[in-house]
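Notes follow once the structure below has been shown.
The values are calculated or read from the model by the stated rules, or taken from the named source; none is laboratory data. All of these numbers come straight from a predicted model, not from anything done at the bench. Cβ: placed from backbone, ideal geometry, glycine included. Neighbour counts: every protein chain shown. The accessibility values were calculated without ligands, DNA or RNA, using every heavy atom of the protein model including side chains. Shrake-Rupley method; radii C 1.70, N 1.55, O 1.52, S 1.80 Å.
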Amino acid sequence: MRTITRFLFPLLFGLIATVAFNLSAQSVDTGRFLSLTPSGGLPVIPVLEGWIANPDGTTSYSFGVINRNEEAVEIPLGESNRIEPAYYDGIQPTHFPPGRSTGAFLVTVPAAEQDNDVWWYLKTGESEELKVPGRHGVSAYELDFILPRPQGALQPLVGIGEDGEQAAGLYARIGDFPDGEVAVGEMVEITVNATDPAVRDTEDPRFGEPLPMGVEFIKYQGPGMVDFTRHESTPEPSNPYDETDRRFNFWQEPGPNEVEIDGPSGIARVVASFSEPGEYIIWIKVDVHDAPDSSDPDQCCWTNVYQRITVR
């Protein structure tokens, strides 16, 4: 038995060394052997968040995105980024930030079409085409955030500009930039006004003061880069926790495109510049996620508005 062991050990060691050498050589040759990320990056994944039975009899489908890459991905409208039936095409984003974008846009269909699927197709580079249907009727996917949450949270009311008419919803409003066309490289102020309509129990110590609203400005469509910087009215963020507080090390500084409105109403501003001429859409997402009954995973409570900006 010992003789066999003495024979097998060098043999196995030699085989392992040979395999390791071969893998190493292949890794050098391909540059990405054994890597979990393909050379063209990971595909952007379209997501159906759910469907909404609207009071007027129409049905809306909420779509989101998962981008597992560390960088944003651009997929222009066309064969690689389309919606079918084609008359709904063009409403979807072309810019996909890293991470999970929940409830990015909405497609609303009339009652006569609620039994027909609405498909969103995405193809990232050379990856396989992915698709997801907007589909009515499965109760597990029904979204009911039109109703107040258990502690009273509702979707914020949001308007374009300082005094634009407010509305709530996942596609509350799309409108033109109030100041008209802008130039490449010009520093442009983008503004929304918002109100939190929630009625909360003021005897609950969590609601003694109005809750703030979070506002995020995101490129949605457009041919070039959009660079966001903080408006002069936005205070420089600082860690609100003491160094002895365990939350101190988990605090993340908000990006320059993220603003907070002290509730229950106010105005959010950001400064943006555009690298190339063309037609852009900026997505503004306003949430009340400081409320205990509001978060992206709970599919509540935020409002989306969109501003079209022409850059010359």
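A few remarks follow.
- Any hit, the stretch 114-137, residues being under 25 Å from Asp293 (Cα atoms), in contact (Cβ under 8 Å) with a residue 24 or more places away in the chain, in contact with a Lys or Arg (Cβ under 8 Å, 6 or more places away or on another chain) and not polar (S, T, N, Q): no
- Any hit, the stretch 109-127, residues being crowded, with 18+ Cβ neighbours inside 10 Å, over 12 Å from Ile75 (Cα atoms), at pLDDT 95 or above and over 18 Å from the mean Cα position of the chain (by Cα): yes
- Positions within the stretch 161-176 being surrounded by 20 or more Cβ atoms within 10 Å (Cβ to Cβ), assigned to a loop (DSSP other than H, G, I, E, B) and touching a residue at least 60 places away in the same chain (Cβ under 8 Å), in sequence order: Ala168, Gly169, Leu170, Ala172
- The one condition in (1) within 28 Å of Arg308 (Cα to Cα); (2) open to solvent by 60 Å² or more (accessible area, probe 1.4 Å); (3) among the charged types (D, E, K, R) that Asp144 fails to fulfil: (1)
- Condition met for Ser80 (out of contact with any helix residue (DSSP H, G or I) (no Cβ under 7 Å at 6 or more places or on another chain) and farther than 18 Å from Gly50 by Cα): yes
- Summed over the stretch 178-221, residues that are in a loop (DSSP other than H, G, I, E, B) and open to solvent by less than 20 Å² (accessible area, probe 1.4 Å) total 1.
- Residue within the stretch 143-154 that is without any contact (Cβ under 8 Å) to a residue 40 or more places away in the chain and among the aliphatic types (A, V, I, L, M) present: yes
- Checklist (1) out of contact with any Phe, Trp or Tyr (no Cβ under 8 Å at 6 or more places or on another chain); (2) closer than 30 Å to Ser275 by Cα applied to Arg206, failing item: (2)
- Of the residues contained in the stretch 252-271, one or more are found to be surrounded by fewer than 18 Cβ atoms within 10 Å (Cβ to Cβ), in contact with a Lys or Arg (Cβ under 8 Å, 6 or more places away or on another chain) and either at pLDDT 85 or above or more than 30 Å from Pro205 (Cβ to Cβ) (or both).
- Whichever residue in the stretch 119-160 is of a type in the set (Val, Ile, Thr) and part of a loop (DSSP other than H, G, I, E, B) and, among such residues, is nearest to Ile52 (Cα to Cα): Ile146
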